[in-house]
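The values are calculated or read from the model by the stated rules, or taken from the named source; none is laboratory data. This one's a predicted model, so the numbers in the text were calculated from it and none came from an experiment. A quick note on method: Cβ atoms are made from the backbone with ideal geometry, for glycine too, and the neighbour counts reach across all protein chains shown. Note: accessible area is taken over every heavy atom of the protein model, side chains too, but ligands, DNA and RNA are not part of it. Shrake-Rupley method; radii C 1.70, N 1.55, O 1.52, S 1.80 Å.
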Amino acid sequence: YCPADQKLYMDLVFFNELHNRFGAKKGDFAMAYVTAHEIGHHVQTLMGTSQKVRQAQQRMSKVDANKLSVALELQADFYAGLWAYYNKEYLEEGDIEEALSAANAVGDDTLQRKVQGSVNPDSFTHGTSQQRKDWFLRGYRTGDMSQHDTFSELKI
Ligand SMILES: [Zn+2]
């Protein structure tokens, strides 16, 4: 998602990976989760959250700035879950598991372990696999917009 022009750009290589990983039928909701997460960033832009975070990040250490980034990303996962909640009638069996599997695959700890063989929590910018699944599920299970405050829950 690009806040400057408020447009969504999709990496087709990444979508192909999801497609290959989950299969043609099973990949569709993994893609829906990724898309909904990016639309979540659009919501954050409209609500002013992204701008507030960027301003605050300029006045803090890299480690603290990363924590704010994690809260912003987990909130986008929460919004993706909310979106799924309000579109339950369109979901197929196994869709939520697909979303969770995709969220698991893009957790910082999982990615770092895969790429560099070790994990450095201070450098996390998107949250752990567990956090990403948890926040998606919280949105999906509650459908409650008022629970979107990842910032105070992560004590930032
Ligand atoms: Zn994101």
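Condition check for R59 on (1) among the charged types (D, E, K, R); (2) loosely packed, with under 13 Cβ neighbours inside 10 Å; (3) within 16 Å of the ligand (Cβ to nearest atom): one failure, at (3).
Against the definition (under 21 Å from E153 (Cα atoms), surrounded by 19 or more Cβ atoms within 10 Å (Cβ to Cβ) and at pLDDT below 95), how does A99 come out, yes or no?
Working: under 21 Å from E153 (Cα atoms): no; surrounded by 19 or more Cβ atoms within 10 Å (Cβ to Cβ): yes; at pLDDT below 95: yes.
Against the criterion (under 21 Å from E153 (Cα atoms), surrounded by 19 or more Cβ atoms within 10 Å (Cβ to Cβ) and at pLDDT below 95), A99 does not qualify.
Taking first residues from the range 34-45 that are polar (S, T, N, Q) and partners that are more than 9 Å from the ligand (Cβ to nearest atom) and in a helix (DSSP H, G or I), the Cβ contacts under 7 Å between residues at least 6 apart in sequence or on separate chains come to Q44/S50; Q44/Q75. Against the list (1) within 14 Å of the chain's Cα centre (by Cα); (2) open to solvent by 70 Å² or more (accessible area, probe 1.4 Å); (3) β-branched (V, I, T), the condition T35 fails is (2). Residues that are modelled with pLDDT under 90, surrounded by fewer than 12 Cβ atoms within 10 Å (Cβ to Cβ) and among the charged types (D, E, K, R) within the range 1-32 comprise D11, K25, listed in sequence order.
Among the residues of the range 90-133, those that are touching a residue at least 12 places away in the same chain (Cβ under 8 Å) and charged (D, E, K, R) comprise E92, D95, E98, D108, D109, D122, R132, K133.
Just one of the numbered conditions (1) in contact with a Phe, Trp or Tyr (Cβ under 8 Å, 6 or more places away or on another chain); (2) surrounded by 17 or more Cβ atoms within 10 Å (Cβ to Cβ); (3) more than 13 Å from A32 (Cα to Cα); (4) of a type in the set (D, E, K, R) is not true of R132; which one? With (1) in contact with a Phe, Trp or Tyr (Cβ under 8 Å, 6 or more places away or on another chain); (2) surrounded by 17 or more Cβ atoms within 10 Å (Cβ to Cβ); (3) more than 13 Å from A32 (Cα to Cα); (4) of a type in the set (D, E, K, R) applied to R132, the lone miss is (1).
When L72, L68 are checked against the criterion of being within 9 Å of the chain's Cα centre (by Cα), within 15 Å of the ligand (Cβ to nearest atom) and either among the aliphatic types (A, V, I, L, M) or open to solvent by 20 Å² or more (accessible area, probe 1.4 Å) (or both), a single residue qualifies: L72. Among the numbered conditions (1) closer than 28 Å to L91 by Cα; (2) within 16 Å of the chain's Cα centre (by Cα), the only one that F124 does not meet is (1).
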